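Participant: Before we start, here is the structure in question, set down as structure tokens.
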Amino acid sequence: MDKFKRHMVRKKVLCVSILILFIAVFSCVPAFAQSNTTLWYNKPAEYFEESLALGNGKNGASVFGGVKSDQIYLNDITLWSGEPVNPYMNPDAYKYISQIREALKQENYPLAEKLNKNIQGKFSESYAPLGTMYIDFQHKGNVRNYHRQLDIGEAVASVSYDVDNIHFTREYFISHPDKVMVVKLTGSKVGSLTFTVRFNSLLKYSATTEDKTLQINGYAPYHAAPNYWNEEEPVLFDENRGTRFSSYFRVKNNGGEVFFSDSAIQVNNATEAILLISMATSFNGYDKNPAKEGLDNKSIADKQLTGAFRQKYQELKGRHVKDYQSFFNRVNLNLDEPEVPDLSTDDRLINYTKGADDKNLEILYFQYGRYLLIASSRTEGVPANLQGIWNPYMRPPWSCNYTMNINVEENYWLAESGNLSEMHEPFLTFIGNLAETGKVTAKTFYGVDKGWAACHNSDIWAMSNPVGDFGKGDPMWACWNMSGTWVVTHLWEHYLYTGDKKFLKDYAYPLMKGAAGFCLAWMVKDKNGYLITSPSTSPENTYITPDGFRGATLYGGTSDIAMIRECLKQTIEASEMLKIDSGFRDSLKTAISQLFPYQIGTKGNLQEWYYDWKDFEPTHRHQTHLYGLSPGHQITPDKTPELAEACRVTLNIKGDETTGWSKGWRINLWARLWDGNRAYKLYRELLKYVPRDGAENINYGGGGGTYPNLFDAHPPFQIDGNFGGAAGVIEMLMQSNENEIILLPALPDAWPSGSISGICARGGFEVSIKWKDGKLNGVEVLSKTGNNCTLFYQGKKVSFETEKGSTYKLNTMLENN
Ligand code: FUC
């Protein structure tokens, strides 16, 4: 009897016994011990990658905490270069598709590669830096006892130090409920606090003071070219074009005096001061001209500031902490290590890289991922970008855009399982915008008048076209067109976790149907009658044909078909759930049965290409052909063991040395192969100390790791590795699909005992797990939707009915451990 059948037999016995003996209903999940939630340093930041990141899901700040001068980079997630995109930028591109297909049919790959360059449009726009706030001090004398920290348990940063026996403190946070940044400054001696607040920006701006407020008003460029692309004038400003921004500053002082010049606020001899910063932009949606149809950024900034000014500091802070903790406190991870080294976070990271154990650092990194998502993803239609929300550069790495061949999706792997479903919404609402421009992309670039398509890159304007500057881009990265197919899986996942049928019916399903509809129309039959894509590329990898041609354009790339399989299957399930579109559903079912199947190569690897060709770079960071293993749900060690083994072989060929986001992905891939020790090895390697880049020293090709402030190092800084790594921790401890939850599928030997509470599973459950000596030691399941629940643990299976809102404690799973 195979493992699965044994489960089914046991299921009957256990289902009965569970109902009689083991279900206890609790009103809440257990409170596991609070783990370390503080990053701290004994010196100010010198570089961006050492600064403390704060955010309320729209506004971001990077706090350096200097003693003589504090430097704080300010950001607003809605401040981008550019204007609404014209999706009809290359209306005749589709006319080349039949020629490319013909060249591929003739196996003329050089010609197909050349022709594929005709299927290209403009690059994305860039995320813009709002500016830098400085707080200059007049300290004279020796500085002692310097301390800088970020408490991710409260989302509050602080700095303290002594100068000549006077103790100075600063506390910083950005409030979501009150929509302002708040800095509280104190000096322990009456009248000891003297400082100047000033502002600077790479954007165009002017400064004035009015109503005791320093008012900065400016605008972003209407075009900023990618940092890797040469243009004669890469950054273009026009005072009548582009997104407007405002940044207003006001001080509440206790003691002393406040003076204003046109460009600064001067506070003299205060004892305490509260500095409020309000930021707003004119961004009014992806399809509205931000200069002509924009929001009134000035009055928004003013209103936010005035509202906050009326509040007491403790009220502002109290509301902020309460709001933040309502998300953050949902999940607790404990790895049974009471000791936290009394070392600054950068020193802990360095020791860890040298091999020291520091389970609390591993917890901190996990929770920091959740912190960053709460801080960067609370704006409708505007997902966290490559750097989340934190960027000081005018032409940031890869435009700080939405890179959709892995990066923006990886940003959201943590959202549902990490109990931050609300933070998924900015991405989910963005997909609706993408589908609008994507209809034009489907038609004009691919000749498909059904559904919608999107490609490698996007931006706040929801561009969906293939990039490459109209024929100058390498097809290996420019010509991929499967991101619509990928991103809609996030809609279905959101439904699986929340059970929100209204969302599925009114919003998600039509978008899923559009993406699936594109796939149906886009696919062609190969010589054996299988459905394939043509032309196809496999994100950023290149093959070598038997006659030595290195290229990217082919037919039937594995990753395309894997994504289509996932998208079609989910659309079928959604239409079944909604009981609609049976005819369309049948056409999807037929198509799935005709898809070109996975192939295993001579090395035992999962083939990336239609043929068993060589890879130009076998250890390349991208591994999109493994999509069916993770994030997809097509390959598992028990149900498709041969394919799982082929994925393992592929990952071994690739090796473990790679960029940050790629390590984050590989943690998830190894966890799905139920190899906890390998996943853990990669998690350790993701936490490899990487010294700060500095803008001038970006090494794009170097190994991935973690900067002193725990930002993920691609390098350069790229936030997807933070999110992918944190998601990987959950995948090691729990995995789920719509029908079942697997407990401790990839528990590493390094974590013999511990607990995790509040993580979420598909089907609508909140799960808390305890383990001891490598074995399960307690499970609680909170049912959020009333679905039936099925749990697996090491060959055992239990199934039970649930009531919405009830919590079930299951001890049966522990028997005979
Ligand atoms: C893709 C990746 C790079 C980087 C960039 C933002 O091009 O290949 O490694 O993550 O996106």
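The values are calculated or read from the model by the stated rules, or taken from the named source; none is laboratory data. These numbers come from a predicted model, not from an experiment. We place every Cβ from the backbone using ideal geometry, glycine too, and count neighbours over all the protein chains shown. These accessible areas exclude ligands, DNA and RNA; they are computed on the full protein's heavy atoms, side chains included. Shrake-Rupley method; radii C 1.70, N 1.55, O 1.52, S 1.80 Å.
Participant: Which is farthest toward the positive dipole end of region 310-356 among Tyr324, Asn351, Pro341, measuring Cα position about the Cα centre, with Cβ charges +1 (Lys, Arg) and -1 (Asp, Glu)?
Facilitator: Tyr324
Participant: Whole Å is fine, so just give me how far the alpha carbon centre of region 429-506 lies from that of region 408-428.
Facilitator: 17 Å
Participant: Considering region 307-358, what Rg and Dmax in Å follow from its alpha-carbon atoms?
Facilitator: 17.8, 51
Participant: Let me ask another. If you plug each phi of region 234-241 into the Karplus form 6.51 cos²θ - 1.76 cosθ + 1.60 with θ = phi - 60°, what whole-Hz ³J(HN,Hα) values come out, in order, with x for Gly and Pro?
Facilitator: For region 234-241, the Karplus-derived couplings read x, 10, 10, 10, 8, 5, 9, 10 Hz, x marking Gly and Pro.
Participant: Considering amide H positions built from the backbone, and no H for Pro or chain starts, which residues 5 or more places from Cys760, or on another chain, come under 5 Å of its amide H?
Facilitator: HN-HN under 5 Å from Cys760: Gly418, Asn419, Val767.
Participant: Any idea which of Ala273, Ala155, Thr545 is furthest toward the positive side of the dipole for the chain, if Lys and Arg beta-carbons carry +1 and Asp and Glu beta-carbons -1?
Facilitator: Ala155
Participant: Related question: Solvent-accessible area per residue for the chain at a 1.4 Å probe radius, Å²? Present the calculation step by step, with values, prior to reporting the outcome.
Facilitator: On the way: 28940 Å² over 817 residues.
Using a 1.4 Å probe on heavy atoms only, each residue of the chain averages 35 Å².
Participant: Pairs Lys513/Lys797; Lys501/Lys525; Lys569/Lys784; Lys95/Lys502: which are spaced more than 30 Å apart, C-alpha to C-alpha?
Facilitator: Table pairs above 30 Å Cα-Cα are Lys513/Lys797; Lys501/Lys525; Lys95/Lys502.
Participant: Right, here's the next one. Using only the alpha-carbon atoms, how far is helix 297-309 inclined from the longest principal axis of the chain? Give it as 0 to 90 degrees, nearest 10.
Facilitator: Once rounded, one gets 60 degrees.
Participant: Over 53 Å, how big is the tail of the calculated P(r) for the chain, in percent of all Cα pairs?
Facilitator: Roughly 12 percent, once rounded to a whole number.
Participant: Follow-up. In sequence order, what are the phi-derived ³J(HN,Hα) couplings for region 738-755 according to the Karplus relation 6.51 cos²θ - 1.76 cosθ + 1.60 with θ = phi - 60°, rounded to whole Hz, with x for glycine and proline?
Facilitator: Each residue's phi maps through the Karplus curve to give 5, 10, 8, 10, 9, 8, 6, x, 9, 6, x, 4, 5, 10, x, 9, x, 7 Hz.
Participant: Want the number for Lys68 to Ala750: 0.36 nm per residue separation, take away the alpha-carbon distance, what's left?
Facilitator: Values: separation 682, 0.36 × 682 = 245.52 nm, distance 4.38 nm.
Result for the pair: 241.1 nm of gain on full extension.
Participant: Any lysines with Cα under 21 Å of the Lys654 Cα? List them, leaving off those in the same chain fewer than 8 positions away.
Facilitator: Lys603, Lys614, Lys663, Lys681, Lys688
Participant: What residues have an amide H closer than 5 Å to that of Ala291, excluding those fewer than 5 places away on the same chain, when H is modeled at 1.01 Å from N in the peptide plane?
Facilitator: Excluding prolines and chain starts, which carry no amide H, the hits are Gly242.
Participant: Let me ask something else about it. Which residue, Val649, Gly632, Thr659, has the largest displacement toward the positive end of the dipole of region 623-669 when charges sit on each Cβ (Lys, Arg +1; Asp, Glu -1)?
Facilitator: Working it through, the farthest residue towards the positive pole turns out to be Thr659.
Participant: Quick one: which residues, 5+ away or cross-chain, put their amide H under 5 Å from the amide H of His223? H built at 1.01 Å from N.
Facilitator: Gly82, Leu236
Participant: So for region 214-323, if I pair up every lysine 8 or more residues apart or on another chain, how many of those pairs have alpha-carbons under 21 Å apart?
Facilitator: On the way: Lys252/Lys298; Lys252/Lys303; Lys252/Lys312; Lys252/Lys317; Lys288/Lys298; Lys303/Lys312; Lys303/Lys317; Lys312/Lys322.
Close lysine pairs found across region 214-323: 8.
Participant: Moving to a separate point now. Region 336-444: D in µm²/s via Stokes-Einstein (Kirkwood Rh, Cα pairs, 4 °C, 1.567 mPa s)? Don't skip to the end; give the middle numbers.
Facilitator: Values: Rh = 16.3 Å.
Estimated via Stokes-Einstein, D reaches 79 µm²/s.
Participant: Only Lys, Arg, Asp and Glu count, each charged at its Cβ (+1, +1, -1, -1), so figure out the dipole size of region 247-370 about its Cα centre, rounded to 20 debye. Each step should come with its number before you reach the end.
Facilitator: Details: 16 positive and 18 negative charges, 155 e Å.
Dipole size: approximately 740 debye.
Participant: With charges set only on the Cβ (+1 for Lys and Arg, -1 for Asp and Glu), what does the dipole of the chain come to about its Cα centre, in debye to the nearest 20?
Facilitator: On the way: 84 positive and 92 negative charges, 315 e Å.
Roughly 1520 debye, rounded to the nearest 20.
Participant: Using only Cα atoms, locate the centre of region 753-804 and the centre of region 90-163, then give the distance between them in Å, rounded to an integer.
Facilitator: 38 Å
Participant: Let me ask something else. In whole percent, how big is the carbon plus sulfur part of the accessible area of region 99-189, probe 1.4 Å, protein atoms only?
Facilitator: 46 percent
Participant: For the peptides 787-800, 442-455, what is the packing order when you average, over each peptide's residues, the other Cβ atoms within 10 Å and list the highest mean first? Before the final figure, lay out the partial values.
Facilitator: Working: 787-800: 19.0, 442-455: 22.8.
Packing proxy ranking, top to bottom: 442-455, 787-800.
Participant: Which ³J(HN,Hα) values in Hz, rounded to whole numbers, follow from the phi angles of region 619-632 under the Karplus curve 6.51 cos²θ - 1.76 cosθ + 1.60, where θ = phi - 60° and Gly and Pro get x?
Facilitator: With coefficients 6.51, -1.76 and 1.60, one gets 9, 4, 5, 7, 8, 5, 5, 8, 3, x, 7, 6, x, x Hz.
Participant: Hey, rough spin-label estimate for Asp357 and Arg319, points 7 angstrom out along Cα→Cβ, what's it come to in nanometres?
Facilitator: Here the answer is 4.6 nm between the modelled labels.
Participant: Could you give the angle, 0 to 90 degrees to the nearest 10, between helix 660-672's Cα long axis and the longest principal axis of the Cα atoms of the chain?
Facilitator: Roughly 50 degrees, rounded to the nearest 10.
Participant: In whole Å, what is the distance between the alpha-carbon centres of region 273-338 and region 60-78?
Facilitator: Using only Cα atoms, the two centres lie 15 Å from each other.
Participant: Not counting ligands, DNA or RNA, and with a 1.4 Å probe, what is Tyr402's accessible surface area in Å² rounded to the nearest 10?
Facilitator: Roughly 0 Å² of Tyr402 is accessible to a 1.4 Å probe.
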